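Here is the structure we will look at, set down as structure tokens.
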Amino acid sequence: SKDVHDTSWFALDVRMHVWRATFLWLSFASLLLFGSTSTVGPARNMRLKPCPSSPNCVSSEADESDKEHYVAPLTYTGMTTVQVVKQLRDVVGKMSRSKLVEEKDLELHYTFTTLVFRFVDDVDLVVVPDDAPSESTVDAKAIDARANAPTTSGTVQVRSASRVGYSDLGTNRRRVEDIRKRWNEATRATHASKM
């Protein structure tokens, strides 16, 4: 009687584990199929795509009052735009599981693949010199012409977003702050080498 009782509880326990595994698998599949919240691709005309309302994206062009999505842009001084783009390639290219997908003038588009589930996140970087015209007047020819123009200071607008799911548990913000830390270290080293 005790063995039968133990066996029935074991069978129930197995069924519960199977049910939980099935539920988790279906939840994961639904995220992949229906949970896409991020538009893919590099920015155009020195503007980043806006973040969706979901908390899985950060952008330096989000409203500063939007604490969930806003991050400060990167900054630079004493560098040409060509030097800035090259240094961005060096900095971001050395980060784990990063891949440069597209480069156009002052724009870089990277993907980052997560280690376990192989989710793909998108990172866009756009170099904006301080003397650049406003985004509403910039066209492709202006960007092409400015790509080789010297400048002394400016910003790098940055956006990092998950392609699937709802919350990223802070992954994109941590990634941007990691890029910022590496960028600041690299620019300090660049300036020190000029002295």
What number comes out for the charge environment of Arg180, summing +1 per Lys or Arg and -1 per Asp or Glu over other residues with Cβ under 14 Å away? +4
Which order, highest average first, do 62-71, 118-127 follow once you tally other Cβ atoms within 10 Å for each residue and take the mean per peptide? 118-127, 62-71
Distance violations [Cα-Cα > 23 Å] among Lys49/Lys104; Lys86/Lys194; Lys67/Lys99: Lys67/Lys99
Report the local net charge at Thr113: Lys and Arg +1, Asp and Glu -1, summed over other residues whose C-beta lies under 9 Å from its C-beta. +2
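Just so you know, all these numbers are worked out from the coordinates, no wet-lab data involved. Being a predicted model, the structure only gives us computed values, none of them experimental. No Cβ is skipped: glycine too gets one built from the backbone with ideal geometry, and neighbour counts run over all protein chains shown.
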